[in-house]
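For reference, the structure discussed in these notes is given below.
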């Protein structure tokens with residue numbers, strides 16, 4: 001009788017494991033990023049005695065004249081979306097963001113294509129992140145309160161009051177156990193409010209110093225030389241939208257058309273971010 005029970009238990013366990021595997025395999029690629037992946041590390045974790053393994057990125061900011069938004073398709077065509085995973089692909093698209101993946105051999109072609117559509121590189125930031133840590137790359141500051149509406153992961157339209165504070169893209173990188181030369185990269189927009197400037201009435205209302213727009217979070221595996229290009233699907237000047245706030249620049253910038261050799265002109269613009277993995281310490 002005991003042997004029969006043991007055999008039955010083993011059979012049930014095997015069926016359970018096969019069922020779990022099938023469920024994971026059938027899961028769409030755009031629904032694989034979890035909140036626990038992009039959450040900050042727990043403070044309760046004990047720090048190791050040895051130096052952390054550093055993961056490096058270059059974040060290049062390009063500004064493109066708003067009138068050239070349709071030409072951005074020429075850049076997207078050089079890249080691939082397949083390796084990317086999304087917290088909610090539908091919400092990412094509904095919020096009018098676009099992102100693609102590329103490798104080192106296509107980097108020069110992408111940068112040349114960006115120049116051909118009239119973009120200019122305005123800033124490059126180099127990051128060194130300890131394994132599992134995160135860093136906020138500042139996009140802009142807000143001096144006053146404002147409403148922002150966005151599409152949540154469940155497809156609903158939500159609204160949040162933010163400001164004063166800082167709008168950033170949060171970048172988190174963590175190594176993959178047992179794999180050398182590769183890491184998991186997660187990126188999503190975040191609003192942070194420095195404690196020193198937080199008005200008491202806002203602190204009472206929100207009881208938080210940041211708001212994470214995780215419905216548009218995305219992630220992928222990268223190695224040194226791999227990169228992602230993040231930009232808008234279309235030009236959005238409205239700063240009360242998530243895409244407009246983070247990637248639109250209606251106040252514009254000065255642009256010089258080298259091909260036409262015209263004097264510099266002030267034009268509304270949008271931002272494109274090129275995020276390149278430069279090193280993975282093993």
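The values are calculated or read from the model by the stated rules, or taken from the named source; none is laboratory data. A quick note: this is a predicted structure, and the numbers were derived from the prediction, not measured. Cβ atoms come from the backbone with ideal geometry, glycine included; neighbour counts cover every protein chain shown.
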TODO: Would you mention how many residues in segment 214-238 are under 17 Å from residue 97 (Cβ atoms), touching a helix residue (DSSP H, G or I) at 6+ places or on another chain (Cβ under 9 Å) and surrounded by 19 or more Cβ atoms within 10 Å (Cβ to Cβ)?
DONE: 13
Task: Flag if residue 116 is surrounded by fewer than 17 Cβ atoms within 10 Å (Cβ to Cβ) and without any contact (Cβ under 8 Å) to a residue 60 or more places away in the chain - done: yes
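For the condition on the phi < 0 side of the Ramachandran plot, without any contact (Cβ under 8 Å) to a residue 40 or more places away in the chain and touching a strand residue (DSSP E or B) at 6+ places or on another chain (Cβ under 7 Å), what is the one hit in 95, 135, 143, 108?
None of the others qualify; the one that does is 135.
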Open item on the list: Return the residues of segment 167-178 that are in contact (Cβ under 8 Å) with a residue 12 or more places away in the chain and more than 16 Å from the chain's Cα centre (by Cα); say none if nothing qualifies.
Closed with: 175, 176
TODO: With a cut-off of at least 1 residues that are over 30 Å from residue 210 (Cα atoms), name the strands (runs of 3 or more DSSP E) lying wholly within segment 68-161.
DONE: 97-102, 120-130
- [ ] Go through segment 249-267 and count every residue that is part of a strand (DSSP E or B) and under 21 Å from residue 113 (Cβ atoms).
- [x] 4
Open item on the list: Take the conditions crowded, with 19+ Cβ neighbours inside 10 Å, farther than 17 Å from residue 275 by Cα and at pLDDT 95 or above and apply them to residue 91. Does it pass?
Closed with: yes
